[in-house]
Amino acid sequence: YEMQTYLPRIRDYVQRGGSFVMIGGDRSFAEGRYAGTAIEEILPVSLGAPGIIKGSYRPEVSETLARHPIVALGPDPALTKQTWRALPAVRGANLARSVKEGAQVLLEHPRARLSNGAPLPILVVGEAGRGRVAALMTDASWRWRFAADDSNVGSDEYELFWDRTVRWLTRDPLLEPARISTDRERYGVTADIAVSGRLRDERYRPMKNTRVALHFDPAVDEEPA
């Protein structure tokens, strides 16, 4: 696509706080000659020699990350895994050499393996500088939407998956592991403040018996000019 000139600018944009997702296909990842470019610097996977695995498969949810909002298609990990097993199969997957340190593998190939024996990653997310990135190693997620007529699941899950992906990449506060909220936006001087929150670890698992310190700094009116 003659993108070489723009790749360093895309990298810099992401590292300053932007978002980036690469979707698989015959012009993506190593197949698109992105190995060794500025784009590989921000991807959550390291690229090796070009290659695509053919054949159909159903991606499997990583055992420890089934609560991550991008793949959590059910109210609990068990139903999430059941939903992913029921989705229409996809075809093809781009190869990667390895998963970068700190990145999270959300979806895995059920059979293919990396050179170290780990499952071939299908969906990997991570951070690059102040930005967030995702690598979907297949271009066939559309099958979840258009093959849904012959299945009980697919259409709604496809829309939810991409909605959550975009929101996570852009740091939607509602999808952060830990968040806090109040019952109102504004309070009077003597009003009581009701505070609620949710605390989860980086794998979105609820944290129990954890001490939380809440600091309140009252607003100070500015002196009139």
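The values are calculated or read from the model by the stated rules, or taken from the named source; none is laboratory data. Since the structure is predicted, the reported quantities are computational estimates derived from the model, not experimental observations. We place every Cβ from the backbone using ideal geometry, glycine too, and count neighbours over all the protein chains shown. The protein model used for the area step is the full one, side chains on, heavy atoms only, and it has no ligands, DNA or RNA in it. Shrake-Rupley method; radii C 1.70, N 1.55, O 1.52, S 1.80 Å.
Below, the figures for the structure above:
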quantity: Residue count for region 76-123, restricted to those that are acidic (Asp, Glu) and either touching a His at 6+ places or on another chain (Cβ under 6 Å) or not in a loop (DSSP other than H, G, I, E, B) (or both); calculated: 1
quantity: Meets criteria (more than 20 Å from residue 165 (Cβ to Cβ), out of contact with any Lys or Arg (no Cβ under 7 Å at 6 or more places or on another chain) and either in a helix (DSSP H, G or I) or open to solvent by 10 Å² or more (accessible area, probe 1.4 Å) (or both)) for residue 127; calculated: no
quantity: Selection count where residues are within 30 Å of residue 135 (Cα to Cα), of a type outside the set (A, V, I, L, M, F, W, C) and touching a Ser or Thr at 6+ places or on another chain (Cβ under 6 Å), scope region 169-201; calculated: 1
quantity: Residues (among the charged types (D, E, K, R) and in a strand (DSSP E or B)) located in region 56-75; calculated: 60
quantity: Odd one out for residue 146, checked against (1) touching a helix residue (DSSP H, G or I) at 6+ places or on another chain (Cβ under 8 Å); (2) open to solvent by 70 Å² or more (accessible area, probe 1.4 Å); (3) modelled with pLDDT under 85; calculated: (1)
quantity: Residue match in region 62-69 (condition: open to solvent by 30 Å² or more (accessible area, probe 1.4 Å) and under 23 Å from residue 166 (Cβ atoms)); calculated: yes
quantity: Residue within region 182-192 that is within 23 Å of the chain's Cα centre (by Cα) and either more than 22 Å from residue 66 (Cα to Cα) or at pLDDT below 80 (or both) present; calculated: no
quantity: In region 186-207, residue surrounded by the most Cβ atoms within 10 Å (Cβ to Cβ) [restricted to those that are out of contact with any strand residue (DSSP E or B) (no Cβ under 9 Å at 6 or more places or on another chain) and closer than 24 Å to residue 168 by Cα]; calculated: 204
quantity: Failed item in (1) of a type in the set (Phe, Trp, Tyr); (2) without any contact (Cβ under 8 Å) to a residue 12 or more places away in the chain; (3) in contact with a Phe, Trp or Tyr (Cβ under 7 Å, 6 or more places away or on another chain), with residue 144 passing the rest; calculated: (2)
quantity: Contacts under 8 angstrom Cβ, first residue in region 1-17 being farther than 14 Å from residue 43 by Cβ, partner of a type in the set (D, E, K, R) and open to solvent by 50 Å² or more (accessible area, probe 1.4 Å), 6 or more apart; calculated: 1/27; 16/130; 17/130
quantity: Among residues of region 56-88, those that are touching a residue at least 60 places away in the same chain (Cβ under 8 Å) and of a type in the set (S, T, N, Q), counted; calculated: 2
quantity: Residue check, residue 88 touching a helix residue (DSSP H, G or I) at 6+ places or on another chain (Cβ under 7 Å), open to solvent by less than 50 Å² (accessible area, probe 1.4 Å), more than 28 Å from residue 18 (Cα to Cα) and of a type outside the set (A, V, I, L, M, F, W, C); calculated: yes
